[in-house]
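Report on the following structure.
The values are calculated or read from the model by the stated rules, or taken from the named source; none is laboratory data. Just so we're clear, the structure is a prediction, and the values are computed from it rather than from any experiment. Every residue, glycine among them, receives a Cβ derived from its backbone with ideal geometry; neighbour counts consider all protein chains shown.
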Amino acid sequence: MQTGPSHGLPPGFLFGASTASYQIEGATTEDGRGPSIWDTFTAEPGRVVDGSSGAVTCDHYHRWPEDVALLRRLGVDGYRFSIAWPRIQPTGSGPANQAGLDFYDRLVDALLEAGIAPMATLYHWDLPQALEDGGGWLDRGTASRFAEYAAIMGDLLGDRVAHWCPVNEPNVVTLNGYGEGSLAPGKALEFGALPVAHHLLLGHGLAVQALRAAGARQVGTATNHAPVLPLSGSEADVTAASLFDALWNRLFADPVLLGRYPDGIADAMPGPVAEDLLTIAQPLDFYGLNYYNPQGVRAAPEGSPVPFDVAAVPGYPTTDFGWPVAPSGLTDLLVEMTERYPQIPPILITENGCSYGMGPDADGVVDDQPRIDYLDSHLGAVADAVARGVDVRGYYCWSLLDNFEWADGFTQRFGLVHVDYDTLVRTPKRSFDWYADVIRAHRGTTA
Ligand code: IFM
């Protein structure tokens, strides 16, 4: 693994940082924004470990000029943010809310002015509550509403946004949001959640078409992937791991990249599946991939609602979230993706990062050396994959800012910038300066 200032990544490699609307914006009741499933979910006692919500979080809605200035100082090539659908269409359909359009219009112009290429995600989990009330992603109509919303955003920003990611982590929405219920909308439907996957995929395909019709340049994905490892060599654990791999990784990548579902899954899907798969498998300009760690899987005990148990893979150091630090998993994943899908377009790492809880010391310094080590080793892992022939074109660190980490509230800090949630003061951490140096060194060595 090659580490060090420039990591030996190819010339033109993009360095970026990522965020998401509900996790950083706050201002959930301002300027006509409608309620989202995350406003509802966080209001239910016991859903979020610290009882918090995204009502204020980093207050990016008001402090975005300061955040763009931070991005400029960081020197990134690109910034991945998400658009809050309920700011654009407060009930998920119908005419656009001008104040919502204006917010993203200004943000994109400011990024371009700072020399930063905007990457926009259309759906990073904040579904308008009105759509959920009509069935949410269990309802095919939500995919059509999503395409209408994509067309609105394509018309507004198609000429200025460099990269589009229609749906963030459809697997997490399906499995955690509708399958086991730890994320909004908090449904525990087990295998009854499979139609959600189909409608998210259909929404992705329809949105790609709508964005292209509006003149969008580069359209891709932002899918969470993980190498899946059986926790023992037993036949039961190997079978359970293979099923989980099909659900976590292949359920989304196979339809998008191969135009078919993994064996046995198409029958569980609603609607005209064969026809829908033609829509889902739109050609893409890049494949956006989010990686954090490998997943360990063992067979579940008799009588469990699903036949697998997911657990941390032992033998690795862990982040403050308890997630294994396994950079080689990223190399393995990238190599495996290109072996499984030889026609995969160029890959962008749309998220990678780690949670460590350090705050400012008496001198105001946030010494987060473990984050530097994590990012360094994962950039090295990307370079290893490139050396093995994988076409990776960029890396977006999760996250620019500490932010609202969903059901874990404010207990996990993923940012290059520390946020004091009482004062909203931003303090760049040591990892911020380190990442800025990496970007500068890369430009210097490959210019
Ligand atoms: O914070 C999340 C992000 O919203 C989606 N990908 C994983 C991150 C860390 O859990």
query = Restricting to region 287-317, what's the tally of residues that are outside any loop (DSSP other than H, G, I, E, B) and either surrounded by 15 or more Cβ atoms within 10 Å (Cβ to Cβ) or in contact with a helix residue (DSSP H, G or I) (Cβ under 6 Å, 6 or more places away or on another chain) (or both)?
reply = 12
request  = Those residues that are of a type in the set (Gly, Ala, Ser), more than 16 Å from the ligand (Cβ to nearest atom) and surrounded by 16 or more Cβ atoms within 10 Å (Cβ to Cβ), I need them from region 115-133; list them, please.
outcome  = 117, 130
Enumeration of residues in region 209-245 that are assigned to a helix (DSSP H, G or I), in contact with a Phe, Trp or Tyr (Cβ under 9 Å, 6 or more places away or on another chain) and under 30 Å from residue 147 (Cα atoms) = 210, 211, 244
inquiry  = Considering only residues that are within 12 Å of residue 406 (Cβ to Cβ) and not in a helix (DSSP H, G or I), which ones fall in region 23-57?
reply    = 47, 48, 49, 50, 52, 53, 54, 57
query = For region 302-313, does any single residue satisfy the condition of being within 21 Å of the chain's Cα centre (by Cα), within 15 Å of the ligand (Cβ to nearest atom) and without any contact (Cβ under 8 Å) to a residue 60 or more places away in the chain?
reply = yes
note = Taking first residues from region 133-159 that are under 13 Å from residue 93 (Cβ atoms) and second residues anywhere that are among the hydroxyl-bearing types (Ser, Thr, Tyr) and modelled with pLDDT of 95 or more, the pairs with Cβ under 8 Å that are 6 or more apart or on different chains are 134/142; 145/93; 146/123; 148/93
query = Given 143, 110, which one is of a type in the set (A, V, I, L, M, F, W, C) and either surrounded by 22 or more Cβ atoms within 10 Å (Cβ to Cβ) or within 16 Å of the ligand (Cβ to nearest atom) (or both)?
reply = 143
inquiry  = Quick check on region 318-326. Is at least one of its residues of a type in the set (A, V, I, L, M, F, W, C), more than 24 Å from residue 238 (Cα to Cα) and either assigned to a loop (DSSP other than H, G, I, E, B) or out of contact with any helix residue (DSSP H, G or I) (no Cβ under 9 Å at 6 or more places or on another chain) (or both)?
reply    = yes
query = Taking the condition within 16 Å of the ligand (Cβ to nearest atom), assigned to a loop (DSSP other than H, G, I, E, B), in contact (Cβ under 8 Å) with a residue 60 or more places away in the chain and not β-branched (Val, Ile, Thr), does residue 12 pass?
reply = no
query = Which members of region 36-54 meet the condition of being of a type in the set (S, T, N, Q) and either farther than 19 Å from residue 89 by Cα or free of Cβ contacts under 8 Å to residues at least 12 places away in the same chain (or both)?
reply = 42, 52, 53
task = Looking at (1) under 18 Å from residue 127 (Cα atoms); (2) of a type in the set (Gly, Ala, Ser); (3) surrounded by fewer than 18 Cβ atoms within 10 Å (Cβ to Cβ), find the lone condition where residue 246 falls short.
result = (1)
inquiry  = Within region 397-411, take every residue that is in contact with a Leu (Cβ under 9 Å, 6 or more places away or on another chain) and closer than 11 Å to residue 52 by Cβ and give me the one that is nearest to the ligand (Cβ to nearest atom).
reply    = 406
